[in-house]
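Below is one structure, written out as structure tokens; the observations come after it.
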Amino acid sequence: MPRLDGRKIDQLRNITVTQDYIKHAHGSCLIECGDTKVVCTAVIEDGVPPFLKNSGTGWVTAEYGMLPLSCTTRVKRDKTLTSGRTLEIQRLIGRSLRSVVQMDKFGERTIKIDCDVLQADGGTRTASITGGFIALALAFKNLRKQGILTAIPLNDYVAAISVGVHKGEKVLDLNYEEDSKADMDMNVVMVGKGDFVEVQGTAEGKPYTKKQLDDLLAMAEKGIKELIEMQRRETGNIGI
């Protein structure tokens, strides 16, 4: 049965990546997943948080925000970055990206990933992780080109996607209309070799079965493999 936008149940939305979207970032992209559009930037700065000082180890952190009219009704600017949703998402992005970074390979430097949602139609956090990795990899490539790094400190790719149950059907990459009416939805983060970084799954009414969970994880894995192939094309030769 076709979905609201005509896709098959296991089909990703159309994805477009525009590299070097922000002039002053070390690495950046605009990632468009259907009508969801997120600008992801990466910048490297000297210094690390206090708990890493004098450790010789670097750090990767993330910030996330939504423009006021990224949704159908105006979103208030989260000027203090203290809303529960904002903190949850940026911690998720940071954890996901750190899972594939060799933190001991770039000294006591901090890489900051900023993910700014221009337009939201579901899946903003998963798009931020997928696009955030591209921005991060491009930043590392530029820093290697400048001689600041001798190698790219990544050991794998990482991407994320949503899956869920909408009107009794298991579906991949939910848009807002599907997500807002889903019986259950789940965000899945995986690395290229197939291991999980995070699984966030919630039933909205009736509990879901282990069989549904297994089927949805398999569907998510299929989608993430496609996303990682896209990341490989976008980032070129990064040695992994």
- For the range 4-49, report the translational diffusion coefficient in µm²/s to the nearest whole number, using Stokes-Einstein at 4 °C, 1.567 mPa s, and a Kirkwood Rh over Cα pairs. 102
- Message: Please list, by residue number, every one of the trypsin sites (Lys or Arg not before Pro) in the range 94-181 that is coil in DSSP and has at most 14 other beta-carbon atoms within 10 Å.
- Response: K167, K181
- Message: Using Stokes-Einstein with the Kirkwood hydrodynamic radius over Cα pairs, what translational diffusion coefficient do you get for the range 96-212 at 37 °C and a viscosity of 0.692 mPa s, in µm²/s rounded to a whole number?
- Response: 205
- Query: Summing +1 for each Lys or Arg and -1 for each Asp or Glu, what net charge is found among the other residues whose Cβ lies under 14 Å from the Cβ of I44?
  - Reply: +2
- Item | Residues of type lysines that K112 reaches as a straight line, Cα spacing below 22 Å, ignoring anything fewer than 8 places off in the same chain | K23, K37, K53, K79, K141, K145
- Message: Using only the Cα atoms of the chain, what semi-axes does the equivalent ellipsoid have when each is the square root of 5 times a gyration tensor eigenvalue? Give whole Å, largest first.
- Response: 30, 19, 17
- To the nearest 500 deg cm²/dmol, what mean residue ellipticity at 222 nm is calculated for the chain from DSSP H runs of n ≥ 4 alone, each contributing -39,500 (n - 2.57), summed and divided by the residues? -9500 deg cm²/dmol
- Obtain the nm distance between the two label points defined at K210 and R233 by a simple spin-label model: each point lies 7 Å from its Cα along the Cα-to-C-beta direction. 3.9
- Task: Find the centroid of the Cα atoms in the range 158-178 and in the range 30-44, then give the distance between the two in whole Å.
- Result: 19
- Task: Could you point to the residue in I228, G168, Q200 farthest towards the positive end of the range 165-240's charge dipole, with +1 and -1 charges on the Cβ of Lys/Arg and Asp/Glu respectively?
- Result: I228
- Relative contact order as a percentage, the chain, C-alpha pairs under 8 Å and 6+ apart, gives 20
- Note on the structure: Computed for the range 92-240: size of charge dipole around the Cα centre, +1 on C-beta of each Lys and Arg, -1 on C-beta of each Asp and Glu, debye to nearest 20, value 640
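Read the figures in this text as sums done on the coordinates, not as results from a lab. As the structure is a computational prediction, the values presented were derived from the model and not from experiment. Virtual Cβ from ideal backbone geometry, glycine too; neighbours counted across all protein chains shown.
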